[in-house]
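Single-structure report; data block below.
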Amino acid sequence: MKRNLALLMLLLACGSLWAGQVDFRTIPLPLSVNVDDTKSFALSTGMGVAYDASNPEIARNAQFLCTWVEEVTGIRLKLTPDDKHASVRLSIAPPRKTQKGVAAVPQDDEAYTLTVDAKGLAISAVKPVALFRAAQTLRKALPVSATPLNEVSLPFATVKDRPRFVYRGAHFDTARHFFSVDVIKRYIDMLALHGCNQLHWHLTEDQGWRFEVKALPELAKQGSVREQTVLGRNTGVFDGQRYGGYYTQEQCREIVNYAAERYVNVIPEIDLPGHMQGALHVYPNLGCTGGPYPVWQMWGVSQEVLCAGNPETLTFLKTVLGELCDVFPSKFIHIGGDECPKVRWKECPKCQAKIKELGLTADGKHSVENQLQAYINHEVEMYLASRGRDIIGWDEILEGGLTPGATVMSWRGVKGGVEAARQKHRVIMSPNDYCYIDHYQLKDPWKQPLGIGGYLPASKVYSFEPLQPGTLSDDEQQYILGAQVNLWTEYIASPEHVFYMLLPRLDAISEVQWCTPENKNFDDFKLRLQHMKQLYDNIGVKYCKDLE
Ligand code: ACM
Ligand code: ZN
């Protein structure tokens, strides 16, 4: 009996050993981690978490912390608001003051300090958002245990952190393939886990319109459904299956709220004036030829686009964008602007009449058709400004001349971003050669599901430098807001495939977004990723197990 007991004790001890050590060197890597391994504090079930209960936002973050600690380790903390002697304490510190008593600038809302000492674990930040970031760091630092633990030994530590960039995004195309609200929430969970703060939600495409517009009820109802889908890479063979789905405004609001609680802003994209065949199917009068236009069944770039000479086009766009603004509070609205072929406009009497009316002339840099697109952008920009919003467009919006408030999302390399920064426009870097995570992540295509092609290993994502030093001056670099990975879904139809493509390349971009270049090291990242994989297994999310 005694021998059995000893064996059991040994097994339990091994269980906690197997669970691993606490390691604050998480992904993304905090700005500084100082650890004194010679001293420790035992975090154990039943300990209290103190916070300011009068602030529901802080209370929510305290609850997140408890949930995550339990998920990872099994340790059950309890909420004990306003208990000064609690072992875990979340506090909001006043912003640092300058000598004159003015708040120090720039004040970093997302900076936090996490300390472990004899009194326990304390997190201090200027804003609740940073308490959330710190709680995520704790979640990632704790050992993942298959069996519930009662206690984990935390080494004395001081962790300081703050993000490098204000814009830390990931894009998700739910138009080529449709994904449920639940999948989008899981996507948001992954962004939040990695400290990303922007979900760029691609909602409309040639292959399907996925946003409900109440004033135009047929738009999503009919525009979201394609009769069939081409097999493989435009083989000419089709699957014969109707495919569709759209998000009601109520569902969009649910996603916005879910994301906001996790400090992720949702930027909706209505891609215009190209990538509109889903809408043209329902409103063929808005196309240059009058249609008919089936919701597209192939991949690629359709030459059927909105007619820029038809005044109804702007009425349509304002109706759509008006309802979009009702649903999405984001300051930024993405208006697409990429890949808008001009074949139809060149031959369309209405488009050509509009060019004349506007007095557009080719100036060697901008064709008249590109300037016509800039005219549409400007109208849309002014409308959105009247709703208090700013536009983002893909880098093609440079081709007709940038409208005054436009932010450029650079995707055809960094060239467009560099040019926009030089023109003193804000920029988000998501160049296809570093940030297109629809590309293969392993060299061997047979090791992974069919994809669009290309090769973007996590190591290359990791190596991206958004500021382009050497090309941009210090002053120009100020316009680079941050970086984003993009997940296009022509060849991605299942949630498992989504997360396989996302992880671990989201880990890689998160260090681009958070860490200074001096703090980045791919070999070290590789070691730290082992722990993230345990966490993914714990959460039950798919990821690519190989790393190149
Ligand atoms: C894009 O990839 N067409 C922005
Ligand atoms: Zn036209």
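The values are calculated or read from the model by the stated rules, or taken from the named source; none is laboratory data. Since we're looking at a predicted model, the values are computed, not measured. Don't worry about glycine lacking a Cβ; one is built from the backbone with ideal geometry, like all the others, and counts go over all protein chains shown. Please note that ligands, DNA and RNA were not included when accessible areas were found on the heavy atoms of the full protein model with its side chains. Shrake-Rupley method; radii C 1.70, N 1.55, O 1.52, S 1.80 Å.
The single residue among K214, K221 that is open to solvent by 10 Å² or more (accessible area, probe 1.4 Å), at negative phi and assigned to a loop (DSSP other than H, G, I, E, B) turns out to be K214. Within region 285-300, the set of residues being more than 16 Å from ligand 1 (Cβ to nearest atom) and of a type in the set (A, V, I, L, M) comprises L286, V295. Summed over region 440-455, residues that are open to solvent by less than 40 Å² (accessible area, probe 1.4 Å) and assigned to a loop (DSSP other than H, G, I, E, B) total 5.
Does any residue of region 416-424 turn out to be within 14 Å of ligand 1 (Cβ to nearest atom), out of contact with any Leu (no Cβ under 7 Å at 6 or more places or on another chain) and modelled with pLDDT of 95 or more? Yes: one or more hits. Taking region 173-193 as the range and being part of a helix (DSSP H, G or I) and of a type outside the set (D, E, K, R) as the test, the residues that pass are V181, V183, I184, Y187, I188, M190, L191, A192, L193. Pairs meeting the criteria (first residue in region 335-359 and aliphatic (A, V, I, L, M) and at pLDDT 95 or above, second residue within 16 Å of ligand 1 (Cβ to nearest atom) and open to solvent by 30 Å² or more (accessible area, probe 1.4 Å), beta carbons under 6 Å, at least 6 apart or on different chains) are V343/Q303.
Checked against the criterion of being touching a residue at least 40 places away in the same chain (Cβ under 8 Å), within 13 Å of ligand 2 (Cβ to nearest atom), of a type outside the set (G, A, S) and more than 30 Å from N234 (Cα to Cα), the candidates L314, L321 yield just one match: L314.
Every condition in (1) closer than 30 Å to V129 by Cα; (2) among the hydrophobic types (A, V, I, L, M, F, W, C); (3) assigned to a loop (DSSP other than H, G, I, E, B) is met by W296 except one, and the failing one is (1).
Only one entry in E379, E347, E339 is open to solvent by 40 Å² or more (accessible area, probe 1.4 Å) and within 16 Å of ligand 1 (Cβ to nearest atom), namely E339. Here Y293 fulfils each of the conditions (1) within 22 Å of D338 (Cβ to Cβ); (2) in contact (Cβ under 8 Å) with a residue 40 or more places away in the chain apart from (2). Selection over region 307-325 of residues that are under 30 Å from the mean Cα position of the chain (by Cα) and among the small types (G, A, S) gives a count of 1.
Collect the residues in region 162-187 that are under 30 Å from N34 (Cα atoms) and in contact with a Phe, Trp or Tyr (Cβ under 6 Å, 6 or more places away or on another chain), keeping them in residue-number order. The answer is P163, R164. Could you please tell me which pairs satisfy a Cβ distance under 7 Å, a separation of 6+ or placement on different chains, a first residue in region 255-275 that is on the phi > 0 side of the Ramachandran plot, and a second residue that is open to solvent by 10 Å² or more (accessible area, probe 1.4 Å)? So the pair list comes out as Y263/V129; Y263/N197; H275/E339.
Residues that are in a helix (DSSP H, G or I) and of a type outside the set (D, E) within region 419-433 comprise A420, A421, R422, N432, listed in sequence order.
The set of residues from region 511-548 being open to solvent by less than 10 Å² (accessible area, probe 1.4 Å), closer than 28 Å to L481 by Cα and in contact with a helix residue (DSSP H, G or I) (Cβ under 9 Å, 6 or more places away or on another chain) comprises E511, V512, F525, L529, M532.
The condition (being within 13 Å of ligand 2 (Cβ to nearest atom) and surrounded by fewer than 19 Cβ atoms within 10 Å (Cβ to Cβ)) is satisfied by just one residue among A353, A362, A308: A353.
Look at E369 and say whether it is away from ligand 1 (no atom under 16 Å from the Cβ), of a type in the set (D, E, K, R) and surrounded by fewer than 18 Cβ atoms within 10 Å (Cβ to Cβ).
So E369 fails the test.
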